[in-house]
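Below you'll find the structure, written out as structure tokens, and then a few comments.
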Amino acid sequence: MNENKKRSPFWQILKTIAIVLVIAAVALAAVRLIGGKPLGIRHWVDVQLWHANALANALSHSREVKSFSEGDYTNVVFLHHSVGENLITQTDLRDQLTGAGLDLWDHDYNYYGLNDLNGNPAGYNYWIPDDNTDPDGLAKLFSQKVYSLPVNGISGLMQHEVIVFKSCFTGNAVLNDAQVETQKGYYETVHAFIAQHPDKLFILLTTPPLNSAEADPAMAARNRLMADWLLSEDYRRGLTNLYVFDLYGQLADNDPASPDYSTLLAEYREGSDNHPNLKANQAVAPLLADFIVETIQAYHPVSE
């Protein structure tokens, strides 16, 4: 009798939990019946399993990725979305860097994840927060804690010696001057992180310009202002491990007399698409390759 009394609180807790679960299940079923829409639980579970599998693969391959970091700054990773993907797949950017003795890994949207130095899918991703590479997403990424294993986005990138990164062109949808200042604040967060890690080299690409079909003259002017600031010493402020490539300037119409001034150059666009076209990518890729190679040589001169 006494033994049963001692057990009663435990069983009462289990009973309470069971009741709560039953009530929750009934409530969810009711929502499903009334709303006529799926609950999304299966999708959520699938996403979590996918995430867990990606993390397990990233952890198991960590030693291999780090093995390419031998202190010569040849282990390069490029964080991008579709514009960066086209810069790689529509050109011989990877071959140019390989020819210079560099190993280029690249990370697309989380769904596609990391590509290895041969351009083949690695089978996992670094789980970039919210899959967001706009300035606010970069600030969140560079605010993460760095661990010795790739348990989050920034820790995955920091396995490499050279981190090349850019905002998606959507980061140039700047509606007013206040938003310019907000974006500067995001990039200051990135700057603060870079300053804390002088053993790594960071190459930032200015945000690609928008198509004139999307950006009015005022927005285009704010975009140029932002690119100019990122290129200026006001932003870099003496950081020796931060270099900025002017992707914006290479793709934008730089003629003040042009109606498309500060937007995607007419010959580099297709209709209203914001993505630079094949001609643009093939023109810019050699310049970017040279910039990466020369930056690494300047940052880490190879002794004769």
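The values are calculated or read from the model by the stated rules, or taken from the named source; none is laboratory data. Since the structure is predicted, the reported quantities are computational estimates derived from the model, not experimental observations. Cβ placement follows ideal geometry from the backbone for every residue including glycine, while neighbour counts extend to all protein chains displayed.
Structure data summary
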read-out	value
Residue satisfying condition, being part of a loop (DSSP other than H, G, I, E, B), at pLDDT below 95 and either in the same structural domain as ALA139 (by TED's automatic domain parsing) or among the basic types (Lys, Arg) (or both), within set GLY238, GLY271	GLY238
Residue selected from region 235-249 under the condition among the hydrophobic types (A, V, I, L, M, F, W, C) and buried (at least 16 other Cβ atoms within 10 Å of the Cβ), by the criterion nearest to ILE163 (Cα to Cα)	LEU242
Failed item in (1) outside any loop (DSSP other than H, G, I, E, B); (2) more than 28 Å from ILE296 (Cα to Cα); (3) aliphatic (A, V, I, L, M), with VAL174 passing the rest	(1)
Residue within region 164-171 that is crowded, with 17+ Cβ neighbours inside 10 Å and in a loop (DSSP other than H, G, I, E, B) present	yes
Count of region 31-66 residues which are at pLDDT below 90 and farther than 16 Å from ASN110 by Cβ	13
Output for region 251-301, where each listed residue is hydrophobic (A, V, I, L, M, F, W, C) and touching a Leu at 6+ places or on another chain (Cβ under 8 Å)	LEU251, ALA252, LEU264, LEU265, ALA280, VAL284, ALA285, LEU288, ALA289, ILE292, VAL293, ILE296
Filtered residues of region 244-265 (kept if within 24 Å of GLU181 (Cβ to Cβ) and not in a helix (DSSP H, G or I))	VAL244, PHE245, ASP246, ALA252, TYR261, SER262, THR263
Region 117-148, subset out of contact with any Pro (no Cβ under 7 Å at 6 or more places or on another chain) and not in a loop (DSSP other than H, G, I, E, B), residue nearest to ASP106 (Cα to Cα)	PRO121
Any hit, region 170-184, residues being closer than 29 Å to ASN277 by Cβ, modelled with pLDDT of 95 or more, of a type in the set (A, V, I, L, M, F, W, C) and touching a strand residue (DSSP E or B) at 6+ places or on another chain (Cβ under 9 Å)	no
Sole residue being in a helix (DSSP H, G or I), on the phi < 0 side of the Ramachandran plot, at pLDDT 95 or above and not polar (S, T, N, Q), chosen from LEU210, LEU204, LEU225	LEU225
